[in-house]
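The values are calculated or read from the model by the stated rules, or taken from the named source; none is laboratory data. Here the structure is a predicted model, which means the values were calculated and not measured. Using ideal geometry, Cβ is built from the backbone for each residue, glycine included, and neighbour counts are taken over all protein chains shown.
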Amino acid sequence: MCYAIPGKILKIEGKLATIDYFGENRTAAALDIIPKHGEYVYAQGGVIVKIVPEKQALESLKEWENVFQELKKIDEQTAKTDETKFTREIRQAIHKANNSIPLSEQEIIGLLKTEDSKLETLLKAANAARQKQQGNACCVHAIIEFSNNCKNNCAYCGIRRENTQIKRYRMSVEEIIARADYAVNKLGFKALALQSGEDEYYDEEKLVEIVKGIKAKCGALIMLSIGEASIETYEKLFQAGAHAALLRFETSNKKMYEQMHCTSFENRIKCLKELKRIGFLVATGALIGLPGQTNEDIARDIALARELEPDVHSFGPFIPHGQTPLASERKPSLQQALKIIAAIRLSTPNAKILVTTALETLASNAREKALASGASSLMLDATPEKYKQLYELYPGKTTAHAKIEEEVIKTIKLLKTIGRAPTDLG
């Protein structure tokens with residue numbers, strides 16, 4: 001099963017195409033690929049990534065149609081809720097969500113203060129909001145972590161510069177391209193994240209070579225997670241064919257940010273705004289459970305993410321690493337993380353919300369729980385096995401020894417069970 005459903009081009013206006021999926025019309029940008037009326041395409045993240053030959057598209061659609069409709073029924077049933085059990089805060093949030101009225105920070109705080117006895121009700125309400133806004137689509141991305149070298153010394157990060165206990169690695173340009181080729185053309189991914197520490201070995205020339213090399217072999221959306229590269233470099237990478245970027249602001253609390261980071265809070269926000277200006281699809285968000293973090297901080301994190309208008313919300317738990325200054329701190333509970341995902345969904349109903357790989361360290365069923373709490377996107381680790389366990393941003397990485405082929409099978413099985421289609425309908 002592929003991680004995108006082919007759709008038929010109905011019309012093109014400028015760089016915006018209208019695409020038909022089983023009678024549902026969606027729009028996607030035609031950036032590198034300009035299809036013609038009537039052609040079939042794959043789209044990811046609202047970007048057309050490949051033109052599909054008609055015969056291949058029709059065969060795929062024939063296989064998908066019955067499966068897709070059955071999955072929709074399962075998802076609709078799973079998302080049903082008993083609204084009589086909603087608290088006043090949840091009812092108010094749903095009313096505002098249905099009328100596209102943003103929640104205030106105080107209203108978000110009200111959701112974050114939901115008592116444990118009412119938590120399941122909050123999570124169900126968020127899942128119902130997800131189903132109403134986005135249907136049963138669930139983006140499934142691959143991530144390749146190509147270097148664990150980093151010039152920075154962030155207090156919470158396991159690959160920080162001063163961690164002398166870690167074995168460092170760098171993948172060659174050829175290795176990165178070959179792994180991307182395998183993830184897209186053998187495993188079926190249509191969106192690919194390339195992540196590393198801020199490693200100066202990969203200068204602008206190497207990064208452009210990597211992006212162009214992948215684009216030459218793969219019909220996929222390329223997302224970069226390489227930190228605060230210069231705006232000029234990001235512009236060249238966009239022109240080379242990378243059209244998405246993952247860069248978290250980590251916390252909206254300026255003092256807390258600058259206690260943990262080497263760069264300034266203002267520079268991080270400026271970089272995010274510049275990425276949007278260039279045209280990147282942007283994924284951003286905050287760390288959950290930082291030492292000293294309050295509900296007020298989290299509410300501001302959610303509000304800031306909404307203000308930045310990202311294409312994907314990426315909020316993941318802080319997991320203390322033994323080789324950092326925060327080694328003795330505690331990680332958040334799964335319940336706390338799910339509550340925040342639900343609050344994001346109810347405060348920003350149309351958001352795409354990522355289940356981070358770090359979240360999956362909190363419990364064996366964290367991925368399923370997050371998807372049932374308003375999340376709508378997954379990222380599977382496609383890093384070569386000999387490097388995977390070395391990319392230790394945090395300890396306890398659940399996929400450190402897992403084969404990507406097995407993870408794909410496991411994920412597809414889970415999504416079928418809960419009625420999600422492993423695709424992004426533009």
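Listed values, structure above:
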quantity: Among the candidates Tyr257, Tyr234, residue that is touching a helix residue (DSSP H, G or I) at 6+ places or on another chain (Cβ under 7 Å), within 23 Å of Asn148 (Cα to Cα), in contact (Cβ under 8 Å) with a residue 24 or more places away in the chain and of a type in the set (Phe, Trp, Tyr); calculated: Tyr234
quantity: Test: residue in segment 253-266 that is under 20 Å from the mean Cα position of the chain (by Cα), under 26 Å from Gly158 (Cβ atoms) and not in a strand (DSSP E or B); calculated: no
quantity: Candidate set from segment 66-87 (those that are touching a strand residue (DSSP E or B) at 6+ places or on another chain (Cβ under 9 Å) and not acidic (Asp, Glu)); member that is surrounded by the most Cβ atoms within 10 Å (Cβ to Cβ); calculated: Leu71
quantity: Check on Lys132, farther than 25 Å from Asp297 by Cα and assigned to a loop (DSSP other than H, G, I, E, B); calculated: no
quantity: Candidate set from segment 349-372 (those that are in a loop (DSSP other than H, G, I, E, B) and more than 24 Å from Ala4 (Cβ to Cβ)); member that is nearest to the chain's Cα centre (by Cα); calculated: Ala358
quantity: Odd one out for Ala375, checked against (1) part of a loop (DSSP other than H, G, I, E, B); (2) within 24 Å of Ile176 (Cα to Cα); (3) hydrophobic (A, V, I, L, M, F, W, C); calculated: (2)
quantity: Among the candidates Ala327, Ala382, Ala351, residue that is buried (at least 22 other Cβ atoms within 10 Å of the Cβ) and modelled with pLDDT of 95 or more; calculated: Ala382
quantity: Single residue of Glu54, Glu59, Glu70, Glu24 found to be among the acidic types (Asp, Glu), more than 22 Å from Ala142 (Cβ to Cβ) and within 24 Å of the chain's Cα centre (by Cα); calculated: Glu24
quantity: Only one of Ile94, Ile34 that is of a type outside the set (Phe, Trp, Tyr) and either surrounded by 19 or more Cβ atoms within 10 Å (Cβ to Cβ) or in the same structural domain as Ile214 (by TED's automatic domain parsing) (or both); calculated: Ile94
